[in-house]
Structures are given as C-alpha cells and as structure tokens.
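J.: Just dropping this structure here.
The values are calculated or read from the model by the stated rules, or taken from the named source; none is laboratory data. Treat the numbers as computed from the prediction; the structure is a model and nothing was measured. FYI the Cβ positions are ideal-geometry reconstructions off the backbone, even for glycines, and counts take in every protein chain you see.
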C-alpha cells in the first residue's frame with residue numbers, strides 16, 4: 001500500500017520558484033501559462049494496514065510535520081494496489 | 001549569566017554563540033539535541049545552521065528533537081529563548097512564534113551586512129538598544145522571507161511583537177532594504193509573552209570590533225539586564 005502526499009505553497013505565499021519556472025517556460029515559448037506552483041511530492045509505503053486508519057494517521061502527520069499549515073496545503077491519495 | 005546553546009546535527013553557529021556569550025563574560029554550554037533537560041540554563045539560544053540538512057522544511061525536523069520539549073517547558077515557565085536564523089525557523093515550526101520563513105524572494109542565499117530598526121524597546125531582547133540606534137548586523141540565509149497571514153500580521157502589530165525591521169543606513173523601512181522579501185520588512189519578532197524571540201540576522205557574528213560591528217552586543221546585554229532584573 002502506498003500513500004502519495006502532494007504539498008503546495010498556499011496561494012497567498014510568495015512562490016519565487018514557481019515564478020522562475022513560469023518565466024523559463026514562457027521564455028522557451030510555452031505560452032498561455034497563468035501560474036506555476038512548485039511544491040513537494042512524497043511517497044510513503046506501508047507493508048500492510050487498514051486504509052481508513054492509515055488515512056487518519058497520515059492526515060495527522062501531514063498537519064503536524066509533512067506540511068506547514070501556515071504556508072502550505074496538502075493532498076493525500078492512498079493507492080491500495 | 002548561563003546560556004544554553006542548543007546543538008542539532010548541522011547546526012553551524014553553535015560555536016559562534018558560545019564564543020559570543022563567553023566573550024561578553026557569561027558562561028555558556030552546548031546542549032545536544034537528544035538531551036531532555038537544559039541544566040542550569042538562565043536563557044536558551046537556538047543557533048543558526050542547517051539542522052537536519054534543512055530536509056522537508058527548515059527547522060521542521062529539529063522541532064521534534066527531545067531538547068525542544070525541554071525548551072517549550074522552559075519557555076512556558078517564562079524562560080528567555082532566542083532563536084537566531086535557523087533557530088528562528090525552528091521556533092516558528094514549533095509554533096512558539098507565529099508565522100513561517102520561506103525561500104528568499106530572490107532565490108539567492110544572501111550573506112551581507114544589513115541595518116535593523118528596533119520597533120519595540122520594551123522586550124527582554126531589545127531593552128538595552130538605544131532608541132533610534134540602528135543595528136548593523138550580518139544576515140546569511142536562503143530561507144528568511146517572513147510570512148504570516150493577514151490577521152496574524154495585524155495581531156503582531158497590535159501587540160508590538162515586531163522587534164526588528166530591515167531598513168536602509170538612514171533608517172528608512174523600504175523594499176530596497178529588504179534582503180529576502182519578508183512581509184513588512186520583518187527581521188525579528190517575539191511571542192505575545194515577550195520571552196521568546198527569533199530573528200534572521202546574526203547578533204552572534206557582530207559582538208567584536210574585528211568582525212566589523214559590535215551592535216549584536218546590545219541584544220545580549222538586553223537579555224542579561226532583563227534576566228538580572230527578573231532574578232533580583
């Protein structure tokens with residue numbers, strides 16, 4: 001079982017990395033980009049376990065350590081395969 | 001006065017802080033991050049560096065070290081805690097100070113002398129800084145851009161928790177004097193109880209004339225005077 005955690009900066013937070021990537025893309029001719037946000041992606045593997053329980057624990061871990069709720073949002077997907 | 005200087009894996013200003021405190025006539029000892037007690041500390045300094053390699057976020061992992069439990073308890077009893085650079089990031093991650101520090105607006109690591117304006121002279125960290133005296137102190141960081149949401153910033157302002165702002169050599173708080181994009185040019189803040197403070201600039205690197213500035217001493221002197229007043 002694998003959990004996928006995506007962490008992105010909150011929209012109100014300055015994201016100079018996103019802006020730099022956007023500028024580079026535009027410079028290369030990729031037009032029509034409204035915004036780029038650079039975040040983090042984590043894969044967390046479990047040998048076994050109960051999905052609702054894992055989700056509950058990971059939700060807590062996302063708030064406590066994996067993301068900083070002051071500056072970041074997160075999304076959590078659990079892949080049961 | 002006895003300073004406890006915390007030491008995490010990849011702290012790199014721990015020796016600077018020890019040296020600064022001792023050169024000012026105080027005793028100071030290093031406290032390893034796995035310790036669960038602070039010993040006979042009168043004040044705690046969380047030094048600069050890259051604790052845990054800055055993995056995940058600056059300060060995110062250090063805040064869960066056993067020693068930080070002891071620091072939280074020390075602070076909850078009114079103990080003085082100063083976080084410098086990475087120490088400021090750790091205090092924010094630990095929720096002991098509001099807000100967070102994110103990547104510099106320029107995406108550059110900035111290592112230079114800055115000028116600081118002191119906004120509140122009534123804290124244990126600023127009480128010996130003469131009014132209208134600007135401090136010239138170096139910064140050295142890649143993630144020093146202070147962020148807090150609107151209501152939190154208002155709260156900081158209304159409780160006089162903004163201790164230092166980046167300014168020009170003439171004391172103007174303008175965007176050109178802001179090395180990292182911090183909201184309101186914030187360089188350092190304290191908590192509501194005024195016993196925990198953090199700042200990105202390094203007073204520990206500005207305590208001897210051979211280093212180009214002795215302005216950092218005023219912060220250490222403030223701590224000493226506040227501590228002695230409280231102990232009396």
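J.: Got a sec? Which of B:172, B:149, B:122 is under 24 Å from residue A:8 (Cβ atoms), out of contact with any strand residue (DSSP E or B) (no Cβ under 8 Å at 6 or more places or on another chain) and either at pLDDT 95 or above or more than 14 Å from chain A (Cβ to nearest Cβ) (or both)?
T.: One residue alone meets the criteria, B:149.
J.: Looking at region B:199-220, is at least one residue over 13 Å from the mean Cα position of the chain (by Cα), closer than 17 Å to residue B:21 by Cβ and surrounded by 24 or more Cβ atoms within 10 Å (Cβ to Cβ)?
T.: Yes, the conditions are met somewhere in region B:199-220.
J.: I would also like to ask the following. Would you mind stating whether residue B:39 is farther than 23 Å from residue B:144 by Cα and at pLDDT below 95? Give the derivation first.
T.: On the way: farther than 23 Å from residue B:144 by Cα: yes; at pLDDT below 95: yes.
In short, yes.
J.: Restricting to strands (runs of 3 or more DSSP E) lying wholly in region B:124-191: which have 3 or more residues that are within 15 Å of the chain's Cα centre (by Cα)? Show your work before the answer.
T.: Values: elements: B:135-141, B:145-147, B:162-167, B:186-190.
Passing ranges, in order: B:135-141, B:162-167, B:186-190.
J.: Quick one: in region B:85-118, which of the residues that are within 15 Å of the chain's Cα centre (by Cα) and assigned to a loop (DSSP other than H, G, I, E, B) is farthest from the other protein chains (Cβ to nearest Cβ)?
T.: Once the filter is applied, the top-ranked residue is B:85.
J.: Can you tell me which of B:21, B:60 is within 14 Å of chain A (Cβ to nearest Cβ) and either modelled with pLDDT of 95 or more or closer than 21 Å to residue B:227 by Cα (or both)? Lay out the reasoning, then the answer.
T.: Numbers: B:21 fails: within 14 Å of chain A (Cβ to nearest Cβ).
Sole residue among the options that is within 14 Å of chain A (Cβ to nearest Cβ) and either modelled with pLDDT of 95 or more or closer than 21 Å to residue B:227 by Cα (or both): B:60.
J.: Considering only region A:17-69, state which residues are more than 12 Å from chain B (Cβ to nearest Cβ), part of a loop (DSSP other than H, G, I, E, B) and within 14 Å of the chain's Cα centre (by Cα).
T.: Across region A:17-69, the qualifying residues are A:36, A:37.
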